[in-house]
Amino acid sequence: MKVLVLGNGGREHALAWKLSQAERVSQVFVAPGNGGTARNPHLKNIALSDVKALADFAEAEKIALTVVGPEAFLAAGVVDEFRARGLRIFGPTKAAAQLESSKAFAKDFMKRHAIPTAAYETFSDAAQAHAYVEAQGAPIVIKADGLAAGKGVVVAMTLAEAHEAIDWILEDNKLGVVHNQGGARVVIEEFMSGEEASFIVVCDGKNVVSLATSQDHKRLQDGDAGPNTGGMGAYSPAPVVTPNVHAKAMHEIIMPTIQGMAKDGIPFTGFLYAGLMIDDKGQPRTVEFNTRMGDPETQPIMMRLKSDLFELLMHATDGTLDQVELQWDRRVALGVVMAAEGYPLQPRKGDAISGLPADAADVMVFHAGTTEQDGKLLTSGGRVLCVTALGESVRTAQQLAYDTLTTIHFEGKQFRRDIGHRAVSRR
């Protein structure tokens, strides 16, 4: 059977790599893919990104399953188009994807269905937003209402940072946010303290299967300093998600969300990612929802998944997830992102990449911002690679990832040297 994966990042490389190992899969296409998927003999890039053209391709090639990677395809209604043509696709509809594409929609939904989250207000008027921040004080969280490729959130520790973020989002749009209808809006939330974790599940509209827990590092620099990014590394499992926290997240957040969406007439199918903030009492609250797998969390999660991903997603598109039980590698997987110079605001592109190791059973280099030109591999985005390793402990996975990373070179590369530090200190 043939499979199509939509997207060009590290998440899509990892999903396509895992799907290509499935017993019933003969060919995996990636649209548009990247330099890493181009180099894998089991994967084939196709230069398509238009929704209708992709549906045409799926019809012509008799694609058995299409898997959506990034949020932009979901917000563009790719699932609606494929389903209208009777094509099997895994992901939420455009209406259901509003849980991610509109922060205001998600917050209103959580409030309506009593799902634990931070207190908030939404503004389109900058003067009103500035006045609200002055009244609330700092620290405070400013979020763009729209898609911003993981960079639309500013955790303002001072009032000056909060005011600057409001101007950035509402007036200058320096973050390049794809705003929802009605123009620029900003969601301002109370600051939640605690430890963040990524809680990702597979949904068929009614049933849910949870994936391995994970934790990513959003800040650019060591010690969680510097600007927010799309993610500088991740590891799985996340020790902060204890069995008790896991049960609470399922009972208080995930299941009420799936049931609430169904009740609102927008059944949710696809990957649902709840960013959790877990306080010192082990109580989780929802930071935000994503309606797809996380990046870079996908890379360590796929390294640990022993079950057949294709069969899992076939069950999910058949509505039979209640028949599924997943098997996981008991080892720790840890991924370190190598980013381009100037990331996250102005990443440099076009630098030659050298020293890439061969794929191995316990270490993989997943590509994100890479492209092949005249036989050369070049940087083409902010996050370039994710070096992902398996180990018996966080420290051994860390050691292998960082040892592998030392051989890889491109001009201006930047990476954190402390991915997994929270898990090490917790143990």
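Label sites at SER124 and ASP418, each approximated as a point 7 angstrom past Cα along Cα to Cβ, lie 4.2 nm apart. Only DSSP H runs of four or more residues enter the estimate; each adds -39500 (n - 2.57), and after division by the residues of the chain the mean residue ellipticity at 222 nm equals -7500 deg cm²/dmol. Along its three principal directions, the equivalent ellipsoid of the range 311-427 from the Cα gyration tensor extends over semi-axes of 29, 21, 14 Å, largest first. The Cα-based radius of gyration of the chain, divided by its Kirkwood radius, gives an Rg/Rh of 0.94. Using a cutoff of 8 angstrom between alpha carbon atoms and counting only pairs six or more residues apart, the relative contact order for the chain works out to 16 percent.
Restriction of the trypsin sites (Lys or Arg not before Pro) in the range 247-312 to DSSP coil positions whose beta-carbon has at most 10 other beta-carbons within 10 angstrom yields LYS281, LYS306. Using the heavy atoms of the protein chains alone and a 1.4 angstrom probe, what is the accessible area of the chain per residue in square angstrom? For the chain, the solvent-accessible area averages 40 Å² per residue. Over the range 16-104, the Kirkwood radius and the radius of gyration, each from Cα atoms, give a ratio Rg/Rh of 0.98.
In the range 217-258, Cα pairs under 8 Å separated by at least six residues give a relative contact order of 25 percent. Taking +1 at the Cβ of each Lys and Arg and -1 at the Cβ of each Asp and Glu, which of ALA22, LEU6, THR371 sits farthest along the dipole of the chain towards its positive end, judged by Cα position relative to the Cα centre? Positive-end residue among those listed: ALA22.
Please work out the Kirkwood hydrodynamic radius for the range 249-398, using every pair of different C-alpha atoms, and report it in angstroms with one decimal place. Value: 18.3 Å, from the Cα pair sum. So which lysines can LYS143 reach, going by Cα to Cα under 20 Å and dropping same-chain residues fewer than 8 places off? Straight-distance partners of LYS143: LYS103, LYS107, LYS111, LYS151, LYS174, LYS218. Remark: the chain carries a charge dipole of roughly 700 debye about the Cα centre, counting +1 on each Lys and Arg Cβ and -1 on each Asp and Glu Cβ.
Here the gap between ARG88 and THR242, fully extended at 0.36 nm per residue and compared with their Cα-Cα distance, gives a gain of 51.9 nm. Taking the accessible area of the chain, probe 1.4 Å, and keeping the other protein chains in place, the carbon and sulfur fraction comes to 48%. The gain in end-to-end length when the ASP264 to SER193 segment is fully stretched comes to 22.5 nm, 0.36 nm per residue minus the alpha carbon separation.
Could you pull out every one of the lysines with an alpha carbon less than 17 Å from that of LYS44, ignoring same-chain neighbours closer than 8 positions? Within reach: LYS2, LYS18, LYS62. What aspartates and glutamates does LYS306 reach when the alpha-carbon gap must be under 17 Å and sequence neighbours fewer than 8 apart in one chain are set aside? Excluding near neighbours in sequence, the set is GLU23, GLU297, GLU325, ASP329, ASP362, GLU392. Using the Cβ of MET302 as centre and a radius below 10 Å, the other residues enclosed give a net charge of +2, where K and R count +1 and D and E count -1.
Modelled spin labels at GLN346 and THR396, positioned 7 Å past Cα toward Cβ, are 4.5 nm from each other. Close amide-amide hydrogen proximity is noted between THR213 and ALA238, each under 5 Å apart and 5 or more residues distant or on a separate chain (H modeled in the peptide plane; Pro and chain starts excluded). Here the ratio of the Cα radius of gyration of the range 223-306 to 2.2 N^0.38 Å is 1.21.
The values are calculated or read from the model by the stated rules, or taken from the named source; none is laboratory data. As the structure is a prediction and not an experimental result, all values here were calculated from the model. Virtual Cβ from ideal backbone geometry, glycine too; neighbours counted across all protein chains shown. These area figures cover heavy atoms from the full protein model, side chains too; ligands, DNA and RNA do not enter into them. Shrake-Rupley method; radii C 1.70, N 1.55, O 1.52, S 1.80 Å.
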